[in-house]
Amino acid sequence: MSKHILTIMLFIAFTVLNGCGGSSSASDNTTQDATDNNTDSAQSDQSVSDQNITDHALAGDYIWESSEEILITLDGETITTLSSQVTVESSVATITKSGVYRLSGTLTDGQIIIDTDDEETVQLILDDVSISSSTNAPLNIQSAEKTVIILAEDTQNILTDASEYVFDDPEEDEPNAALYSKDDLSIYGGGTLTVHANYNDGITSKDGLVIDSGTIVIDSVDDGIRGKDYLVVKGGDITVDAYGDCLKSDNEDADTGYISIEDGTFDLTSYEGDGIAAESDLFIASGGLTIKTADGSTTYLTEDSNSMKGMKAGDQIIIDNGTFNLNCADDAIHSNNTITINNGNYTLSTADDAIHSDIALTINSGTITINESYEGIESGTITINGGTIYVTASDDGINAASDEVSNRYLYINGGYIVVDSEGDGIDVNGMMQMTDGTVIIHGPIASNNGALDYDMQFSLQGGLLVAVGSSRMAQAPSSSSTQYTVSATFNSTQSANTLVHIQDSSGNSVLTFEPKKAYESLIFSSADLVYGSGYSIYLDGTDTGTQSDGLYQTSNYTPGTLFDSFTISSMITSINTAQNRR
């Protein structure tokens with residue numbers, strides 16, 4: 001992805017966020033102040049993004065003349081070559097000059113070392129190579145301006161390291177990967193590279209690591225693939241089984257520690273770490289990612305548990321597109337700062353939060369299905385501008401809460417959102433604003449939670465809202481809203497799947513809804529509610545129309561029991577059983 005594309009993407013995402021402020025009331029001024037603060041943060045993030053999208057790959061890295069190839073042949077414990085640019089001692093070959101080298105054959109216990117001070121690139125073609133070492137890393141790049149590993153078309157290449165390394169100096173701790181490079185490393189080609197990492201990491205570059213293409217399969221006792229300065233994946237088919245992090249960039253220096261995925265297919269399994277871990281930024285343009293950590297959503301977490309997240313970043317996460325199937329012990333998608341989701345398809349299950357950012361989260365589009373979570377979506381400021389979102393949570397479905405910020409906000413400007421929660425359906429430790437979209441909440445049964453829960457104000461200005469749940473904690477939108485709302489509390493608990501129906505005085509259906517759980521209250525707001533008009537609420541009955549997520553899109557309702565009739569006479573029309581039941 002180019003610098004300009006990411007810059008524009010960030011600008012659009014946060015410009016939308018900046019436009020969430022509304023009316024001129026004193027309460028809404030607080031909302032605008034928060035938006036202004038988010039704009040400042042966005043400008044900072046954009047600057048970081050501009051710095052963190054470069055890599056060392058050049059078109060010429062993947063071009064060479066076959067006549068220039070230097071052949072290195074491996075045969076058991078023997079290495080042969082005709083080039084003076086390669087020194088061979090026993091079963092160790094050292095490449096001392098830049099150039100194009102083709103390796104073939106099997107080395108049962110030995111090592112290939114690259115050690116050159118040349119300023120040109122070393123291109124290393126793996127042509128059905130199998131290298132094992134009982135004492136060290138089978139492929140060790142000690143010094144090179146840049147090394148490009150080329151996986152020859154349709155070849156199978158295997159690297160296997162020792163479970164314990166023998167160093168000349170006992171104080172040394174490098175190399176620490178089966179494929180190790182102190183300098184920039186690229187991997188390219190139409191072949192397969194399989195790495196059995198028994199000592200530490202599978203593939204590590206102490207500088208930048210670029211994977212352009214190829215099939216890479218890694219099993220590792222620690223991290224799978226690590227680019228310390230950055231890890232950039234432009235394509236390929238990558239499978240990692242690791243006890244540490246599967247993909248990792250962990251340099252804490254400025255402008256480093258980022259991961260960029262432009263495309264590719266990923267099957268990542270971490271037993272004790274994260275699927276993807278970026279010290280700073282994580283950018284995903286496209287690709288198909290399947291990630292599992294520990295025992296997935298069935299994992300029992302304690303305060304002492306390792307971080308076992310699906311995808312995490314210390315700063316920002318920007319996802320432009322892709323397909324994501326994440327089953328995680330910890331948060332599925334996590335940022336210590338901000339997350340922006342511009343599109344994509346997400347299937348998420350987790351024992352903790354499905355999507356969590358400490359500061360701000362923006363969802364512009366995409367299809368997000370959260371099948372299991374403790375809390376579904378959580379951040380200090382949440383902005384939903386579009387997309388189709390399904391949330392199943394054992395606690396709060398959507399939670400605007402964070403210890404990192406003093407002001408918490410939820411903006412819903414569009415999208416189709418369905419929440420099934422045992423805790424609060426939507427919980428905002430601050431202010432909430434809805435201007436458009438559809439929100440359906442199958443809320444909690446327990447009386448200590450509500451379908452809606454906000455601390456300061458809920459300004460409802462447009463869209464469709466249907467929320468059912470318990471009654472003791474039930475909240476309706478604020479009276480400062482600009483779209484009318486009906487808030488009804490029923491005289492007894494209604495069983496799951498008991499229809500609730502609202503029709504106007506002419507018998508036209510305004511709402512037919514089938515809650516999937518028992519309920520005691522209903523919050524309903526729609527542009528169809530008209531000031532001064534009369535309506536009736538019915539419970540039970542039948543409907544042969546078409547419905548989705550409990551909401552009937554077309555209604556052919558046969559009445560059940562009339563609960564109450566009312567007239568819209570204020571912004572919030574409350575129907576309380578103790579006062580209004582006839």
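Quick grid of which residues meet (1) at positive phi; (2) basic (Lys, Arg); (3) open to solvent by 50 Å² or more (accessible area, probe 1.4 Å):
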position	(1), (2), (3)
86	no, no, no
117	no, no, yes
128	yes, no, yes
133	no, no, no
136	no, no, no
141	no, no, no
145	no, no, yes
Query raised in the report: Residues in segment 498-515 that are of a type outside the set (S, T, N, Q), under 10 Å from residue 535 (Cβ atoms) and surrounded by fewer than 19 Cβ atoms within 10 Å (Cβ to Cβ): how many?
Result: 1
Query raised in the report: Which of (1) open to solvent by 10 Å² or more (accessible area, probe 1.4 Å); (2) farther than 27 Å from residue 283 by Cα does residue 349 not meet, given it meets every other one?
Result: (2)
Query raised in the report: Taking the stated definitions as given, is residue 532 out of contact with any Leu (no Cβ under 9 Å at 6 or more places or on another chain), within 20 Å of residue 415 (Cα to Cα) and modelled with pLDDT of 95 or more?
Result: no
Query raised in the report: Quick one: how many residues across segment 304-323 are open to solvent by less than 30 Å² (accessible area, probe 1.4 Å) and within 8 Å of the chain's Cα centre (by Cα)?
Result: 4
Query raised in the report: If you check every pair at least six apart or on different chains, which have Cβ atoms under 7 Å apart with a residue in segment 403-418 that is open to solvent by less than 40 Å² (accessible area, probe 1.4 Å) first and a residue that is among the aromatic types (Phe, Trp, Tyr) second?
Result: 418/390
Requested in this report: Please work out if residue 215 is open to solvent by 30 Å² or more (accessible area, probe 1.4 Å) and at pLDDT 95 or above.
Outcome: yes
Query raised in the report: If you take the residues in segment 332-346 that are closer than 20 Å to residue 301 by Cα and either touching a helix residue (DSSP H, G or I) at 6+ places or on another chain (Cβ under 9 Å) or outside any strand (DSSP E or B) (or both), which one is least open to solvent (accessible area, probe 1.4 Å)?
Result: 332
Query raised in the report: Limited to segment 523-559, what total is found for residues that are over 16 Å from residue 440 (Cβ atoms) and among the polar types (S, T, N, Q)?
Result: 7
Query raised in the report: Of the residues 546, 493, which is within 30 Å of residue 455 (Cβ to Cβ), under 40 Å from the mean Cα position of the chain (by Cα) and of a type outside the set (D, E, K, R)?
Result: 493
Report task. Among the numbered conditions (1) modelled with pLDDT of 95 or more; (2) on the phi < 0 side of the Ramachandran plot; (3) open to solvent by 70 Å² or more (accessible area, probe 1.4 Å), tell me where residue 553 comes up short. Result -> (1)
Query raised in the report: For segment 388-451, which fully contained strands (runs of 3 or more DSSP E) count at least 2 residues that are of a type in the set (Phe, Trp, Tyr)?
Result: 409-412
Query raised in the report: Of the residues that sit in segment 472-497 and are more than 22 Å from residue 534 (Cα to Cα) and among the hydrophobic types (A, V, I, L, M, F, W, C), which one is modelled with the highest pLDDT?
Result: 496
Report task. For residues that are surrounded by fewer than 14 Cβ atoms within 10 Å (Cβ to Cβ), assigned to a helix (DSSP H, G or I) and at pLDDT 55 or above, tally how many sit in segment 36-84. Result -> 5
Report summary line: Out of (1) touching a residue at least 12 places away in the same chain (Cβ under 8 Å); (2) in a loop (DSSP other than H, G, I, E, B), the one residue 302 does not meet is (1)
Query raised in the report: So how many residues does segment 517-539 have that are under 41 Å from the mean Cα position of the chain (by Cα) and hydroxyl-bearing (Ser, Thr, Tyr)?
Result: 4
Report summary line: Exactly one of 488, 518, 527 is out of contact with any Asp or Glu (no Cβ under 6 Å at 6 or more places or on another chain), in contact (Cβ under 8 Å) with a residue 60 or more places away in the chain and surrounded by fewer than 14 Cβ atoms within 10 Å (Cβ to Cβ), and that one is 527
Requested in this report: Within segment 150-169, count every residue that is part of a strand (DSSP E or B) and either surrounded by fewer than 24 Cβ atoms within 10 Å (Cβ to Cβ) or without any contact (Cβ under 8 Å) to a residue 40 or more places away in the chain (or both).
Outcome: 5
Report task. Run residue 367 past the list (1) within 15 Å of the chain's Cα centre (by Cα); (2) more than 22 Å from residue 308 (Cα to Cα); (3) touching a residue at least 60 places away in the same chain (Cβ under 8 Å) and report the number of the one that doesn't hold. Result -> (3)
Requested in this report: Would you check if there is a residue in segment 565-578 being in contact with a Pro (Cβ under 9 Å, 6 or more places away or on another chain) and open to solvent by 40 Å² or more (accessible area, probe 1.4 Å)?
Outcome: yes
Report task. Scan 267, 250, 255 and give me the residue that is over 12 Å from the mean Cα position of the chain (by Cα), open to solvent by 20 Å² or more (accessible area, probe 1.4 Å), touching a residue at least 12 places away in the same chain (Cβ under 8 Å) and under 12 Å from residue 224 (Cβ atoms). Result -> 267
Report summary line: Of the residues in segment 188-209, those that are farther than 19 Å from residue 122 by Cα and either surrounded by 24 or more Cβ atoms within 10 Å (Cβ to Cβ) or of a type in the set (Phe, Trp, Tyr) (or both) come to 195, 197, 199, 201, 202
Report summary line: Picked from segment 452-471 (must be in a loop (DSSP other than H, G, I, E, B), modelled with pLDDT of 95 or more and open to solvent by 10 Å² or more (accessible area, probe 1.4 Å)), the residue nearest to residue 572 (Cα to Cα) is 461
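The values are calculated or read from the model by the stated rules, or taken from the named source; none is laboratory data. No experiment lies behind these values; they were computed from the predicted model shown. Reconstructed Cβ throughout: ideal geometry from the backbone, glycine too, with neighbour counts over all protein chains shown. Note: accessible area is taken over every heavy atom of the protein model, side chains too, but ligands, DNA and RNA are not part of it. Shrake-Rupley method; radii C 1.70, N 1.55, O 1.52, S 1.80 Å.
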